[in-house]
1. Inside region 74-107, can you point out the residues that are at pLDDT below 95 and among the small types (G, A, S)?
2. Which one of these does I32 not meet: (1) crowded, with 16+ Cβ neighbours inside 10 Å; (2) modelled with pLDDT under 95?
3. Residues in region 64-88 that are surrounded by 15 or more Cβ atoms within 10 Å (Cβ to Cβ), over 10 Å from the mean Cα position of the chain (by Cα) and either within 13 Å of V29 (Cα to Cα) or not hydrophobic (A, V, I, L, M, F, W, C) (or both): how many?
4. Would you confirm whether any residue within region 49-60 is at pLDDT below 90 and surrounded by fewer than 16 Cβ atoms within 10 Å (Cβ to Cβ)?
5. What strands (runs of 3 or more DSSP E) lie completely within region 40-107 and have 3 or more residues being free of Cβ contacts under 8 Å to residues at least 60 places away in the same chain and of a type outside the set (K, R)?
Amino acid sequence: MVLFLLALPVSSPLAGEAEKKAQATAGLVGTIVAVIPESRTLVVDVPLSADVLRIGAEITKRTKIEAAGAAASFESLKPGARVRLNFRRVATGNEAISVEILRGAEG
């Protein structure tokens, strides 16, 4: 079973409260299943017991990408690589704060 983490735009009287919650961050370890250069989006599968959580996050100019303790480029993100993804929810979806490549893609 694959679970999807979706973000919907907030448009309610509680929007100010939702914005405060949007600043909270989450960090998960998983495997890259897709990299979409056109939208600079990373899709990661995170195992949760018998299920899998699929997370999509936008890689922005502020996103810190690292491999082996050194800065890495967006182009170094490859399907099959094991990563630690730190992200936050924003009005348009998930925004990656940092991506640490733990193990490169096999192949």
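The values are calculated or read from the model by the stated rules, or taken from the named source; none is laboratory data. This structure is a prediction, so every number in the text was calculated from the model and none was measured. Note that we place each Cβ from the backbone using ideal geometry, even for glycine, and neighbour counts take in every protein chain shown.
1. A91, G93, G104, A105, G107
2. Only one criterion in (1) crowded, with 16+ Cβ neighbours inside 10 Å; (2) modelled with pLDDT under 95 is unmet by I32, namely (2).
3. The total comes to 4.
4. Yes, region 49-60 has at least one match.
5. 41-48, 51-67, 93-103
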